[in-house]
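Below is one structure; the comments refer to it alone.
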Amino acid sequence: MLLTGYATAEYVDPAHDSGYFGASFNPIFLYKYRDLVLGEGELEVEIDDTGDTSVALEYGTIDLLLNDSLVLLAGKFLSPLGQFRQNLHPSWINKLPSAPVGFGEDGAAPDAEIGIQARGGIALGGGRFGYSAYVGNGPRLAVENGEIEGIDSEGYAGNDDGESVVGGRLSFAPLPKLQLGLSGATGKVAITETGGGPVLDDPSRNYDVFGLDASYQVAGFDLRGEYIQQKVGNATGSIVPEGGKWDTWYAQGSYKFGSAKWEGVVRYGDFNSPHPEQSQKQLAIGVNYLLAPQAMVKVGFEVNDGLSGEPTDANRLLVQVAYGF
Amino acid sequence: MRNSIKYSLLCVLVVGSALLMNFDARAAEGESTASTNQLARGAKAWSDNCGQCHNARDPGDQSDQQWDVVVAHMRIRANLTGEEARDILNFLQASN
């Protein structure tokens, strides 16, 4: 058994608004039985702006290590679509204090899923082929003011619309330190509630995800980029017939210097939503000081371009202390 | 007659022991080579894969048992093959 995880403390100072401190604590519990089974669970313990503490299950799975190329996971898992959500979001791993635009909640990248997943790696020539395939309950649609405001994909234990989603990611590492990924998911989703209460028998509509990602480490540089989109189709006869597409991409480069104690980061991202107040372009630059490989102080500045007057348009200064333990 | 049997047994023991010692030495040499190869493979797999997402942590930060669990966790996260995971584990446990 191993208790690991990460902790985060930060200060965020948006232009034209009050700065504030925030903190979160993410313990990860790992229980391994021989080379057969691994139990994994991560909690996110967070304080919100009212002072209340929330506890959420980020993921919790039982992993069956069936052979060298196949692991079967059952439970709640981070979405295997793309790279950021499943591997890069922990604060001590993410090189900037914030997630790329569109990779937060209700963005373009799915968060998590509850279901079963098969994944693993297969040696192929001098490289490795990786795969993840899953079936799960799928997302829910957030409806407000007669529109689909977003796609909630945090992983739901219930399946009110009775529809499932299948998806996965294929990756290939043709060279050391180079990885290319292709993700996709498809299924159906239906509106099951609005702010006014539950909705019965709303027709199902198509739900599709498509993503591409790449990362490469060369000559001290860490380069990566990702594109992902979530799309829901139109549904004749629905209380909200019109669907929508949420898509985003980012490109990021970082470089360590000063005996690898310092790190400079630049990231550009562009999130497009059917709702203009959600769309955002962002240039983020940062400097990190590494006290240890898993402990650092990050200072970042975001130049945000969103709808005028919206929070998405406010530049922000962020200072974050992150510790992976 | 009795002496010749004794000498024969002695010869068999000496030659057999020599053969066994030689076999053991060769086996140990083979194991050592295999172990060295696995360490080299593990070091390369660790360098090629772990740094793709995060800063590489000091192998000395964790005990053998802790690395055993961490590497199983990371094998799943990084879609490593079982063989790569074993090589990395061997390298980390030999380096801590």
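The values are calculated or read from the model by the stated rules, or taken from the named source; none is laboratory data. Please read all numbers here as calculations on a predicted model, not as lab measurements. For neighbour counting, all protein chains shown are included, and Cβ atoms are generated from backbone atoms with ideal geometry for every residue, glycine included. Note: accessible area is taken over every heavy atom of the protein model, side chains too, but ligands, DNA and RNA are not part of it. Shrake-Rupley method; radii C 1.70, N 1.55, O 1.52, S 1.80 Å.
Every residue in segment A:65-90 that is assigned to a strand (DSSP E or B) and under 17 Å from residue B:74 (Cβ atoms), please.
Here is the first cut: in segment A:65-90, the ones assigned to a strand (DSSP E or B) are A:65-67, A:70-78.
Result: A:65, A:70, A:71, A:73, A:77, A:78.
Does segment A:114-138 hold any residues that are open to solvent by less than 10 Å² (accessible area, probe 1.4 Å) and more than 17 Å from residue A:69 (Cβ to Cβ), and which are they? Give the derivation first.
First, the residues of segment A:114-138 that are open to solvent by less than 10 Å² (accessible area, probe 1.4 Å): A:117, A:119-121, A:130, A:132, A:136, A:138.
Matches in segment A:114-138: A:136, A:138.
Within segment A:175-185, the set of residues being over 16 Å from the mean Cα position of the chain (by Cα) and open to solvent by 50 Å² or more (accessible area, probe 1.4 Å) comprises A:175, A:176, A:177, A:180. What do you reckon, is residue B:51 assigned to a helix (DSSP H, G or I), at pLDDT 70 or above and surrounded by fewer than 17 Cβ atoms within 10 Å (Cβ to Cβ)? Yes. Among the residues of segment A:298-325, which ones are within 14 Å of chain B (Cβ to nearest Cβ), open to solvent by 50 Å² or more (accessible area, probe 1.4 Å) and part of a strand (DSSP E or B)? Within segment A:298-325, A:323 is the sole residue that qualifies. Hey, among the residues in segment A:81-113 that are within 13 Å of chain B (Cβ to nearest Cβ) and over 9 Å from the mean Cα position of the chain (by Cα), which one's surrounded by the fewest Cβ atoms within 10 Å (Cβ to Cβ)? Taking the candidates together, the pick is A:93. The number of residues in segment A:91-115 that are of a type in the set (D, E, K, R), assigned to a loop (DSSP other than H, G, I, E, B), at pLDDT 95 or above and within 24 Å of residue A:74 (Cα to Cα) comes to 1.
Of all residues in segment A:284-296, those being in a strand (DSSP E or B) and open to solvent by less than 50 Å² (accessible area, probe 1.4 Å) number 7. Listed by first and then second residue, the pairs linking a residue in segment A:206-221 that is closer than 30 Å to residue A:238 by Cα to a residue that is aromatic (Phe, Trp, Tyr) and in a strand (DSSP E or B), with Cβ atoms under 9 Å apart and 6 or more places separating them unless they lie on different chains, are A:210/A:227; A:211/A:227.
Being open to solvent by 50 Å² or more (accessible area, probe 1.4 Å) and hydrophobic (A, V, I, L, M, F, W, C) is the filter; apply it to segment B:31-48 and report the residue that is modelled with the lowest pLDDT. Selected residue: B:34.
Taking only segment B:63-91 into account, find how many residues are at the interface with chain A (Cβ under 9 Å from one of its Cβ atoms), polar (S, T, N, Q) and either under 19 Å from the mean Cα position of the chain (by Cα) or open to solvent by 30 Å² or more (accessible area, probe 1.4 Å) (or both). Qualifying residue count, segment B:63-91: 3.
Here residue A:4 meets each of (1) of a type in the set (Val, Ile, Thr); (2) closer than 28 Å to residue A:108 by Cα; (3) in a strand (DSSP E or B) with one exception, condition (2).
Going through segment A:35-66 one residue at a time, which ones are more than 14 Å from chain B (Cβ to nearest Cβ) and hydrophobic (A, V, I, L, M, F, W, C)?
Step one: list which residues in segment A:35-66 are more than 14 Å from chain B (Cβ to nearest Cβ), which gives A:43-57.
Correct list: A:43, A:45, A:47, A:55, A:56, A:57.
Residue A:32 meets the conditions (1) farther than 20 Å from residue A:213 by Cβ; (2) surrounded by fewer than 20 Cβ atoms within 10 Å (Cβ to Cβ); (3) within 14 Å of chain B (Cβ to nearest Cβ) in every case but one. The failed one is (2).
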